[in-house]
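Q: The structure's right below; bear with me while I get my questions together.
The values are calculated or read from the model by the stated rules, or taken from the named source; none is laboratory data. Predicted, not measured: the structure shown is a model, and the values here were computed from it. Backbone-built Cβ (ideal geometry, glycine too); neighbour counts: all protein chains shown.
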Amino acid sequence: MVYTDKFDESEIPFEALDKFGITQEMIDDLPGQVMLLLTTGQYTPVLLLQTSNEEGQTVETKARISLVRNTDGSVSLRFAPYWESADLEEFSIEEQQKLMNGLVIMREEDTHLYYAQLDTMTNQVMRVPVELIQHNIDSFFQKGHIDETNKQNVKNGQLAEIRSTSSSDIVTVGIDLNEVDGLRIVNGDAAIWKEEAYISDMPEYNFGFYGCWLSDQNGHLSYIPEEKYTEEIQSELERTAGQNAVRSQLSR
């Protein structure tokens with residue numbers, strides 16, 4: 001979580017992606033914010049993938065993908081499959097409630113402590129060793145000269161509301177394993193922190209050169225090539241093009 005590898009777009013394993021129905025044109029059309037996640041070693045939003053079974057039939061599945069650099073310098077794919085529902089049977093009722101609310105819990109397994117958090121995009125439980133995150137927590141609180149009590153609360157998986165000494169401003173800090181360094185910091189109280197975890201700022205229509213990535217209410221992305229545009233998508237394309245033309249004229 002401390003170190004994030006970066007990738008050039010030319011390093012993306014297009015041949016491997018093509019086996020899952022993701023072509024180079026589709027990657028080229030990815031929204032900028034998704035491409036940034038991909039090229040910094042982070043997971044993309046959930047993408048619709050296509051594979052073939054033993055009978056040669058096309059099977060649709062969903063997963064988040066990321067890039068990982070191998071020891072020899074080559075680049076491979078990593079998948080976080082989407083599950084229709086979360087399997088939380090190993091957790092207590094109290095732990096399940098925290099996980100469903102987007103919070104982190106600390107657990108011990110084989111004498112090793114780790115943080116667990118429900119990835120609401122895939123319904124999988126993420127696990128990260130405690131020491132990787134606590135190092136980042138120590139660095140953040142030391143840099144900000146913030147009191148020990150708040151730091152300990154965050155380490156315990158709680159949210160810390162830090163109030164400014166010179167104004168009424170509040171900043172809330174908490175562990176979020178979706179973030180590169182494992183910490184998410186928002187302007188506002190704990191309620192706002194929890195709300196922001198479930199907000200997808202991806203537009204419904206994301207047009208590229210060859211097609212359009214559609215984002216559903218859960219932030220899941222599926223691709224429609226230009227030759228398969230429906231009347232609704234074509235209408236949205238024309239509306240978007242008109243808006244862009246107006247903005248271009250106003251900026252002159």
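Q: Could you give every pair whose Cβ atoms fall below 6 Å, whose first residue belongs to segment 90-111 and is within 23 Å of residue 183 (Cα to Cα) and in contact (Cβ under 8 Å) with a residue 24 or more places away in the chain, and whose second residue is of a type in the set (Lys, Arg) and assigned to a helix (DSSP H, G or I), counting only separations of at least 6 or pairs across chains?
A: 102/194; 105/98
Q: Something else now. If you check 105, 22, 65, which single one turns out to be outside the structural domain of residue 156 (by TED's automatic domain parsing), touching a helix residue (DSSP H, G or I) at 6+ places or on another chain (Cβ under 8 Å) and not hydroxyl-bearing (Ser, Thr, Tyr)?
A: Unique residue meeting the criteria: 65.
Q: Right, something else. For segment 152-178, which residues satisfy the criterion of being in contact (Cβ under 8 Å) with a residue 12 or more places away in the chain and assigned to a loop (DSSP other than H, G, I, E, B)?
A: 156, 157, 158, 159, 169, 176, 177, 178
Q: Does residue 28 satisfy being among the acidic types (Asp, Glu), at pLDDT below 90 and more than 30 Å from residue 163 (Cβ to Cβ)?
A: Spelling it out, it is not the case that residue 28 is among the acidic types (Asp, Glu), at pLDDT below 90 and more than 30 Å from residue 163 (Cβ to Cβ).
Q: State the number of residues belonging to segment 1-35 that are closer than 17 Å to residue 220 by Cα and outside any loop (DSSP other than H, G, I, E, B).
A: Residues flagged as closer than 17 Å to residue 220 by Cα and outside any loop (DSSP other than H, G, I, E, B) within segment 1-35 amount to 6.
Q: Looking at (1) modelled with pLDDT of 90 or more; (2) loosely packed, with under 15 Cβ neighbours inside 10 Å; (3) of a type outside the set (Lys, Arg); (4) part of a helix (DSSP H, G or I), which one does residue 248 not meet, given that it meets all the others?
A: Among (1) modelled with pLDDT of 90 or more; (2) loosely packed, with under 15 Cβ neighbours inside 10 Å; (3) of a type outside the set (Lys, Arg); (4) part of a helix (DSSP H, G or I), residue 248 violates only (1).
Q: Only one residue in 188, 208 is at pLDDT 90 or above, closer than 30 Å to residue 131 by Cβ and of a type in the set (Gly, Ala, Ser). Which one?
A: Answer to the check: 188.
Q: Can you tell me which residue within segment 171-184, out of those that are surrounded by 16 or more Cβ atoms within 10 Å (Cβ to Cβ) and hydrophobic (A, V, I, L, M, F, W, C), is farthest from residue 135 (Cα to Cα)?
A: Within segment 171-184, the match that is farthest from residue 135 (Cα to Cα) is 171.
Q: Given segment 36-151, what strands (runs of 3 or more DSSP E) lie entirely inside it while holding 1 or more residues that are surrounded by 19 or more Cβ atoms within 10 Å (Cβ to Cβ) and out of contact with any strand residue (DSSP E or B) (no Cβ under 8 Å at 6 or more places or on another chain)?
A: Of the strands (runs of 3 or more DSSP E) lying wholly inside segment 36-151, none has at least 1 residues that are surrounded by 19 or more Cβ atoms within 10 Å (Cβ to Cβ) and out of contact with any strand residue (DSSP E or B) (no Cβ under 8 Å at 6 or more places or on another chain).
Q: So, one more: Cβ-Cβ below 8 Å, separation at least six or inter-chain, first residue in segment 4-23 and over 17 Å from residue 225 (Cα atoms), second surrounded by 13 or more Cβ atoms within 10 Å (Cβ to Cβ) and aromatic (Phe, Trp, Tyr): which pairs?
A: The qualifying pairs do not exist here.
Q: Let me ask something else about it. Identify all residues within segment 99-118 that are under 19 Å from residue 196 (Cα atoms) and either at pLDDT below 90 or over 21 Å from the mean Cα position of the chain (by Cα) (or both); write none if there are none.
A: Answer for segment 99-118, where residues must be under 19 Å from residue 196 (Cα atoms) and either at pLDDT below 90 or over 21 Å from the mean Cα position of the chain (by Cα) (or both): 100, 101, 102, 103.
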